[in-house]
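Here's the structure, in structure tokens; my notes come after.
The values are calculated or read from the model by the stated rules, or taken from the named source; none is laboratory data. Computed from a predicted structure; not experimentally measured. FYI the Cβ positions are ideal-geometry reconstructions off the backbone, even for glycines, and counts take in every protein chain you see. For the accessible areas, the whole protein counts, side chains as well, though only heavy atoms, and no ligand, DNA or RNA atoms are used. Shrake-Rupley method; radii C 1.70, N 1.55, O 1.52, S 1.80 Å.
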Amino acid sequence: MPAPAGAAPVPPSAPAAPRRRRRLPVVLAVVLLLVLASVGVVITRPGPVAGWLGDDAASGPNAAGVTPDPAPSDVLGGPDANAPVPTPDGVRAVLDPLVGVAALGDRVNVSVADVITGQTLFAKGADDGTVPASVTKLATAVTVLAARGPGYRIPTRAVAGEKPGEVVIVGGGDPTLAINKKGYYPGAARLDELAAQVRTALGGTSPTSVTVDGSLYSGPVYGPGWDDDIPTGGSGGAVTALMTDGARTDPGVGHGSAQRFAEPDLAAGKAFARLLGVPTDAVKRGTAPAPAAAGASPAPGTELGVVQSPPLIRLVDVMISESDNLVAEALARQVALARNQPASFDGGAAAMDAEVAELGLPADEISVSDGSGLSRRNRISPSLLTDLIRLAASPDHPELAGVFGGLPVGGWSGTLNERYRNTAGTAAGAGSVRAKTGTLTGVHAIAGLVTTAEGRLLTFAVLTDKVPGDRDTAQPALDRIAAALAGCGCG
């Protein structure tokens with residue numbers, strides 16, 4: 001989704017009370033409205049990225065046999081930049097009873113701000129670092145788009161090894177790489193196409209062995225602060241520089257949890273070997289040789305082929321719309337690589353923090369240990385999240401507008417597909433809330449955008465990390481907060 005450009009400024013509203021954060025230009029609202037309009041008209045089930053990932057979108061398992069519903073005209077149907085601004089007193093009167101309910105526990109931190117003016121409309125523990133769960137992915141999205149740019153593609157290469165017939169496959173960190181056209185992620189780079197390039201480059205030489213080079217990544221393959229069941233529970237897995245289909249053992253499974261390979265790099269190497277006609281017992285880990293000036297043909301280190309991931313903006317769409325944890329970890333490592341940090345959990349976390357600071361935001365309000373939000377060590381303040389959302393809409397940073405394309409819509413797509421529908425007190429959020437959710441045991445979070453009943457566009461973040469019950473009671477209580485903003489003028 002290209003970012004719109006050339007939007008004309010709108011007259012600024014009366015100045016609000018000063019805040020220590022840098023004030024973004026009011027023209028960002030115009031840009032954001034155009035961004036939302038451009039993505040709102042293409043929303044289809046099962047998610048907003050269903051047809052965006054390449055010409056062969058129908059090859060993905062989630063497209064097979066699914067007839068998209070027509071996009072309703074009232075989804076994100078045109079916020080009004082001239083709509084009246086809610087007052088802090090009005091917002092407080094609506095939200096105070098909702099943020100204090102027992103279902104959310106005794107630590108409910110909230111930030112609500114007007115998108116055009118940046119005025120804070122509600123703040124409760126807004127600057128306090130809170131466990132964000134998968135809402136962390138908003139920070140991952142912003143930092144990777146800033147560090148790499150929306151058009152960047154992740155390469156997977158094959159080079160000649162030291163021995164005749166040895167082929168080295170070099171993982172570049174593309175988690176969406178497929179074996180063939182039946183891969184999980186539509187439009188993904190494919191190993192069968194890489195194998196065809198290798199056979200052409202080798203000419204009459206037959207491949208005899210495959211070496212898997214995953215040395216781009218370092219450190220542990222499982223994140224610090226992850227719950228013990230995450231590596232085997234289906235929502236996470238080993239983070240390696242080479243994998244296919246997000247490490248899924250079966251790329252034909254639908255959205256959600258799936259069985260993952262314990263050693264995704266070796267599994268991908270064996271799939272590549274089969275495509276080359278090499279026995280899988282001739283697959284091992286190693287490193288690619290440095291290019292040689294002379295020697296056998298092809299000389300060791302000579303590139304035999306390369307395939308490229310979809311543009312990074314599309315990977316961001318997948319990460320946010322499906323809350324894909326392994327894609328998130330891969331994107332965090334791309335931030336690290338762009339900033340010359342080790343491609344590891346620690347390197348990605350340090351690079352994300354540094355990128356936030358470079359964007360002019362308070363880096364002391366973010367401290368992460370991973371890019372997915374699976375880690376309970378992560379801390380982000382609600383006000384930093386609302387600042388990130390406003391920054392992503394700024395005309396000063398058109399490269400960040402891709403954050404909005406994959407955001408689920410209340411009652412319609414992604415992780416909000418079944419929410420804001422049948423629960424009392426939430427109906428106003430259907431079609432009006434566009435947000436990223438986050439859930440761990442005892443942690444429930446949501447952050448994004450909401451259009452009020454009078455057409456004013458607000459950004460909000462609600463983070464709770466001491467929830468006493470389960471999602472059946474916590475999520476409706478959380479949804480009532482955003483729905484209350486959607487349903488009121490709050491003047």
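Got a sec? Which of Ser394, Ser344 is closer than 25 Å to Thr156 by Cα and of a type in the set (Ser, Thr, Tyr)? Please lay out each step first, then the result.
On the way: Ser394 fails: closer than 25 Å to Thr156 by Cα.
Just one listed residue meets the conditions, Ser344.
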Original post:
Looking at (1) more than 23 Å from Ser218 (Cβ to Cβ); (2) touching a strand residue (DSSP E or B) at 6+ places or on another chain (Cβ under 7 Å), can you tell me which one Asp353 breaks?
Top reply: (1)
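Going through Leu391, Leu463 one at a time, which residue ends up being of a type in the set (A, V, I, L, M), at negative phi and modelled with pLDDT of 95 or more? Talk me through it step by step, then tell me what you get.
Values: Leu391 fails: modelled with pLDDT of 95 or more.
Just one listed residue meets the conditions, Leu463.
Here is a yes/no grid of residues against (1) assigned to a helix (DSSP H, G or I); (2) among the hydrophobic types (A, V, I, L, M, F, W, C); (3) within 18 Å of the chain's Cα centre (by Cα):
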site: Leu384; (1), (2), (3): yes, yes, yes
site: Leu388; (1), (2), (3): yes, yes, yes
site: Ser394; (1), (2), (3): no, no, no
site: Glu399; (1), (2), (3): yes, no, yes
site: Glu418; (1), (2), (3): no, no, no
Original post:
Taking Asp96, is it open to solvent by 70 Å² or more (accessible area, probe 1.4 Å), part of a helix (DSSP H, G or I), at pLDDT 50 or above and out of contact with any helix residue (DSSP H, G or I) (no Cβ under 8 Å at 6 or more places or on another chain)?
Top reply: yes
Subject >> Failed item in (1) farther than 21 Å from Gly246 by Cα; (2) surrounded by fewer than 24 Cβ atoms within 10 Å (Cβ to Cβ), with Gln308 passing the rest >> reply: (1)
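Residues are listed down the side, and each one gets a yes or a no for (1) basic (Lys, Arg); (2) crowded, with 21+ Cβ neighbours inside 10 Å; (3) touching a His at 6+ places or on another chain (Cβ under 9 Å); (4) part of a helix (DSSP H, G or I):
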residue	(1), (2), (3), (4)
Ala351	no, yes, no, yes
Val356	no, yes, no, yes
Gly360	no, no, no, no
Asp370	no, yes, no, no
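Residue by residue, here is whether (1) without any contact (Cβ under 8 Å) to a residue 24 or more places away in the chain; (2) of a type in the set (Asp, Glu); (3) open to solvent by less than 10 Å² (accessible area, probe 1.4 Å) holds:
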position: Gly402; (1), (2), (3): no, no, yes
position: Pro408; (1), (2), (3): no, no, yes
position: Gly414; (1), (2), (3): no, no, no
position: Arg419; (1), (2), (3): no, no, no
position: Ala427; (1), (2), (3): no, no, no
position: Val433; (1), (2), (3): no, no, yes
position: Leu440; (1), (2), (3): no, no, no
position: Asp479; (1), (2), (3): no, yes, yes
**OP:** Considering (1) assigned to a loop (DSSP other than H, G, I, E, B); (2) open to solvent by 30 Å² or more (accessible area, probe 1.4 Å), say which one Arg274 fails and leave the rest.
**Re:** (1)
Subject >> Count of the range 220-263 residues which are at pLDDT 95 or above, farther than 16 Å from Ser344 by Cβ and not in a loop (DSSP other than H, G, I, E, B) >> reply: 5
Original post:
Can you pull out the residues in the range 240-257 that are open to solvent by 10 Å² or more (accessible area, probe 1.4 Å) and more than 16 Å from Pro186 (Cβ to Cβ)?
Top reply: Thr240, Thr249, Asp250, Gly256, Ser257
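Residue under question is Ala336, and the condition is that it be closer than 18 Å to Gly236 by Cβ, under 18 Å from the mean Cα position of the chain (by Cα), of a type in the set (A, V, I, L, M) and open to solvent by less than 40 Å² (accessible area, probe 1.4 Å); does it hold? Let's see the steps before the verdict.
Details: closer than 18 Å to Gly236 by Cβ: no; under 18 Å from the mean Cα position of the chain (by Cα): yes; of a type in the set (A, V, I, L, M): yes; open to solvent by less than 40 Å² (accessible area, probe 1.4 Å): yes.
No.
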**OP:** Kindly check whether there is at least one residue in the range 164-185 that is out of contact with any Ser or Thr (no Cβ under 8 Å at 6 or more places or on another chain), assigned to a strand (DSSP E or B) and touching a residue at least 60 places away in the same chain (Cβ under 8 Å).
**Re:** no
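Go through Ala50, Ala37, Ala113, Ala103 for me and flag whichever is out of contact with any strand residue (DSSP E or B) (no Cβ under 7 Å at 6 or more places or on another chain), small (Gly, Ala, Ser), at pLDDT 55 or above and open to solvent by less than 60 Å² (accessible area, probe 1.4 Å). Explain how you work it out, then say what you get.
Working: Ala50 fails: at pLDDT 55 or above; Ala37 fails: at pLDDT 55 or above; Ala113 fails: out of contact with any strand residue (DSSP E or B) (no Cβ under 7 Å at 6 or more places or on another chain).
Answer to the selection: Ala103.
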**OP:** State yes or no: is Ala453 open to solvent by 20 Å² or more (accessible area, probe 1.4 Å), farther than 21 Å from Lys124 by Cα, in contact with a Cys (Cβ under 8 Å, 6 or more places away or on another chain) and without any contact (Cβ under 8 Å) to a residue 40 or more places away in the chain?
**Re:** yes
**OP:** Considering only the range 189-225, state which residues are under 16 Å from Ala330 (Cα atoms), open to solvent by 20 Å² or more (accessible area, probe 1.4 Å) and touching a residue at least 60 places away in the same chain (Cβ under 8 Å).
**Re:** Gly214, Ser215, Leu216, Tyr217, Ser218, Gly219, Pro220, Pro224
